[in-house]
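The values are calculated or read from the model by the stated rules, or taken from the named source; none is laboratory data. Since we're looking at a predicted model, the values are computed, not measured. Cβ placement follows ideal geometry from the backbone for every residue including glycine, while neighbour counts extend to all protein chains displayed. Keep in mind that these areas ignore ligands, DNA and RNA; they rest on the heavy atoms of the full protein, side chains included. Shrake-Rupley method; radii C 1.70, N 1.55, O 1.52, S 1.80 Å.
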Amino acid sequence: MLRIERCTVGYADQTVFSDLTLAAAPGETLAVVGPSGCGKSTLLYAAAGLLAPHRGTVALDGQPVAAGDRRVGLVLQQYGLFPWFSVLENVALGLRLHGVPREERVAAAYAALDAVGMQQLAPRFITTLSGGQQQRVAIARTWAMQPRLLLMDEPFSALDALTRESLQDLLCSLLQGRRMVSILVTHSIDEAVLIGSRIGVMHGHPAKITWVDNPLSGRTADTARTSPEFFAAVAGLRRRFAELLHA
Ligand code: ADP
Ligand code: MG
């Protein structure tokens, strides 16, 4: 369980959130959309323990979250991989930093690469991969750590449309039945509807998040994408979004 309670979060020159409260249970995926600069990344940094709140608490399963917390995985838009390491070494790196013995971390890295369909590329160097493949490796690296809290900051924004769809499908199937809390920040309403079990619209200064239940929750992205319910949900959310942003 993730609990953000009465948090004031920001930087020296501005408060981004004032009195933010948010709870999410294992198995939930929160998809957060909002205009650029409203505080989406700041929310993830606070949830990850990378940005300490000025007031309030962030806890995962009852324990405070701190920077470098092994229970938290973060996937960024720019994959953050090391070009001079192989795919396998990149995926095993997090485990290595946490002192997991070699045999165990190689097995975990292979399993994670298998989960993202990249096992055959394990010996390759990062520079030889496409953007979509690199993002699969970045997801595998986080997946290998088996985080309790998975945070993703616009992970597919740099990818072309078809690659993005295949990664949305992948993420959706990875998350199905997983007992972790996930937060996906995206600028795409479509993506929020395809992946989120709950959708948050972030707006205002200081920022607020208005939560909307997703009627498509539980469907896989590839079946949802072509259903009439998907288009209806996207249209409904767009209207809601416009109301909130212009309120
Ligand atoms: P988003 O991810 O929604 O685009 P951010 O969370 O990055 O928004 O930023 C929210 C606000 O905080 C913006 O006004 C931004 O300029 C400011 N901000 C972000 N990072 C920093 C930082 N390291 N120092 C000072 N201000 C920052
Ligand atoms: Mg951002």
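Here is a check on your reading of the model: is L50 hydrophobic (A, V, I, L, M, F, W, C), open to solvent by 10 Å² or more (accessible area, probe 1.4 Å) and within 14 Å of ligand 1 (Cβ to nearest atom)? Criteria met by L50.
Here is the figure for region 2-24: residues that are of a type outside the set (G, A, S) and more than 13 Å from ligand 1 (Cβ to nearest atom) total 10.
Scanning region 33-45 for residues that are open to solvent by less than 10 Å² (accessible area, probe 1.4 Å) and either more than 10 Å from ligand 2 (Cβ to nearest atom) or aromatic (F, W, Y) (or both) yields one hit, V33.
Screening region 209-247 for residues that are β-branched (V, I, T) and under 26 Å from S18 (Cα atoms) and picking the one that is surrounded by the fewest Cβ atoms within 10 Å (Cβ to Cβ) gives T210. Checking each residue in region 181-203 for being within 16 Å of ligand 2 (Cβ to nearest atom), open to solvent by 10 Å² or more (accessible area, probe 1.4 Å) and in a loop (DSSP other than H, G, I, E, B) picks out H187, S188. In region 84-143, the residue that is nearest to P155 (Cα to Cα) out of those that are free of Cβ contacts under 8 Å to residues at least 24 places away in the same chain and of a type in the set (S, T, N, Q) is Q133. Surrounded by 15 or more Cβ atoms within 10 Å (Cβ to Cβ), within 13 Å of L151 (Cα to Cα), within 15 Å of ligand 2 (Cβ to nearest atom) and not assigned by TED's automatic domain parsing to the domain that holds A140, is that true of L2? When the stated conditions are applied, L2 does not pass them.
Looking at region 32-47, which of its residues are of a type in the set (G, A, S) and either free of Cβ contacts under 8 Å to residues at least 24 places away in the same chain or touching an Asp or Glu at 6+ places or on another chain (Cβ under 7 Å) (or both)?
G37, S41
One residue stands out among those in region 137-180 that are within 17 Å of L43 (Cβ to Cβ) and open to solvent by 20 Å² or more (accessible area, probe 1.4 Å): the one that is nearest to ligand 2 (Cβ to nearest atom), which is E154.
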